[in-house]
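Here's the structure we're looking at; comments come further down.
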Amino acid sequence: MGEIQLAAVPMPPTNAQAQIELHRALAPRYAYRYSFPFSRLFQQDWHAEMMSHIPSGSGPILDLGCGTGFFLAELLEAHPKAVGLDISYDMLRVSDQYIPGAKLVTGDAERLPFRPGVFDVVFCKGSLHHTRDHVAFLNHCREALGQEGVLIMSEPCNDNPFIRLARALMYKKSQHFDVGDQGFTRKGILNLLDQADFDTTTVKKYGVFAYVFAGFPDHLGILKYIPGNYWITKGFLALDRVLCAIPGLSLLGFHIVTVSKPKRSTR
Ligand SMILES: C[S@@+](CC[C@H](N)C(=O)[O-])C[C@H]1O[C@@H](n2cnc3c(N)ncnc32)[C@H](O)[C@@H]1O
């Protein structure tokens, strides 16, 4: 019998490893993204929209996928018990510099290092779509929440076929995205939340013109060259709010914001 030759077969990286690599390169870009007064204004408006759903009197809050911590910093101003978790140490290093003393945890959403039921609110701003088993991710969120807990998410929305196409092209062409990271349809995300035993009480679209022109100066920087960009962003924000509130026109929204509670049967 011939000798068996053993050869090392390179294994493809897991999604967790791929996300850590992707965000290693993205960490400095995020700091740049938030560095202009107009882009800050946009992000602060987005954060305020998400924070407006925090039930009054809430205790501990988890920002799951907190990244470079700009949302967490605003959360901490009103909720000193907020904690940030992210899989990327490089993103968290920026958080640590930006909000010294904040409670930051390097960890995987799929293996949360917290006691079950410890949080009143879990936020996910753009982190769900970076995972592959969405229902498992949402199940972990539910387990982390207390009986009356609330999950508040904002994720890329692909209800609009043009937005879906633009995203698909960008994710394919740019090294700053992972082609496996897909947006959600309204129906799709509600279905995932239902499968993970959440009842969803609020669904709304967020971000049209302000999202495109003010949200990501690292990708589309045109507004930084235009005088009055801060006031233009203010105008876009006001217009976007109107568009996202009108049923047919809300199809223009780039993100979907959901507010969900664990189903009664699971409490
Ligand atoms: C689009 S960024 C959003 C960051 C931040 N929430 C913000 O809005 O600026 C997504 C974040 O999710 C993190 N992430 C991806 N997969 C994760 C996982 N399995 N567990 C925890 N964090 C994860 C990434 O490292 C990244 O910081």
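The values are calculated or read from the model by the stated rules, or taken from the named source; none is laboratory data. Everything numeric in this text was worked out from a predicted model, so none of it was measured. Don't worry about glycine lacking a Cβ; one is built from the backbone with ideal geometry, like all the others, and counts go over all protein chains shown.
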Go through the stretch 253-267 and give me each residue that's at pLDDT below 95 and either assigned to a helix (DSSP H, G or I) or under 22 Å from the mean Cα position of the chain (by Cα) (or both). Arg264, Ser265, Thr266
With modelled with pLDDT of 95 or more, of a type in the set (Lys, Arg) and within 30 Å of Arg142 (Cα to Cα) as the only criterion, which of Lys205, Lys234 stands out? Lys205
Count - residues of the stretch 32-63 that are surrounded by 15 or more Cβ atoms within 10 Å (Cβ to Cβ) and among the small types (Gly, Ala, Ser): 2
Only one of these conditions is not met by Val135: (1) part of a helix (DSSP H, G or I); (2) closer than 30 Å to Phe209 by Cα; (3) over 15 Å from the mean Cα position of the chain (by Cα). Which number is it? (2)
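Okay, residues lined up against (1) free of Cβ contacts under 8 Å to residues at least 24 places away in the same chain; (2) farther than 30 Å from Pro80 by Cβ:
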{"site": "Val105", "(1), (2)": "yes, no"}
{"site": "Asn139", "(1), (2)": "no, no"}
{"site": "Tyr171", "(1), (2)": "yes, yes"}
{"site": "Leu193", "(1), (2)": "no, no"}
{"site": "Phe198", "(1), (2)": "no, no"}
{"site": "Thr202", "(1), (2)": "no, no"}
{"site": "Val212", "(1), (2)": "no, yes"}
Failed item in (1) modelled with pLDDT of 95 or more; (2) closer than 21 Å to Asp86 by Cα; (3) touching a helix residue (DSSP H, G or I) at 6+ places or on another chain (Cβ under 8 Å); (4) not polar (S, T, N, Q), with Gly183 passing the rest: (1)
Residues of the stretch 87-103 satisfying the condition of being without any contact (Cβ under 8 Å) to a residue 60 or more places away in the chain and under 17 Å from the mean Cα position of the chain (by Cα): Leu92, Ser95
Consider only pairs whose beta carbons are under 8 Å apart and that are at least six residues apart or on different chains; among these, list those whose first residue lies in the stretch 173-184 and is in contact (Cβ under 8 Å) with a residue 40 or more places away in the chain and surrounded by fewer than 16 Cβ atoms within 10 Å (Cβ to Cβ) and whose second residue is of a type in the set (Phe, Trp, Tyr) and part of a loop (DSSP other than H, G, I, E, B). none
Of everything in the stretch 82-127, what is more than 8 Å from the ligand (Cβ to nearest atom), hydrophobic (A, V, I, L, M, F, W, C), touching a helix residue (DSSP H, G or I) at 6+ places or on another chain (Cβ under 6 Å) and not in a loop (DSSP other than H, G, I, E, B)? Give them in sequence order. Ala82, Val94, Leu104, Phe119, Val122
Residue pairs within 7 Å by beta carbon, gap of at least six or interchain, first lying in the stretch 1-24 and within 10 Å of the ligand (Cβ to nearest atom), second modelled with pLDDT of 85 or more and not in a loop (DSSP other than H, G, I, E, B), listed first then second, are Gln19/His130; His23/Asp90; His23/Met91; Arg24/Asp90
Inside the stretch 67-81, can you point out the residues that are within 15 Å of the ligand (Cβ to nearest atom) and either among the basic types (Lys, Arg) or in contact with a strand residue (DSSP E or B) (Cβ under 8 Å, 6 or more places away or on another chain) (or both)? Gly67, Gly69, Phe71, Leu72, Leu75, Leu76
Does Phe162 satisfy being more than 10 Å from the ligand (Cβ to nearest atom), over 21 Å from Ile61 (Cβ atoms) and surrounded by 21 or more Cβ atoms within 10 Å (Cβ to Cβ)? no
Taking Ser56 and the conditions (1) assigned to a loop (DSSP other than H, G, I, E, B); (2) over 17 Å from Glu155 (Cα atoms); (3) near the ligand (Cβ under 9 Å from one of its atoms), which numbered condition does it fall short on, given that it satisfies the others? (3)
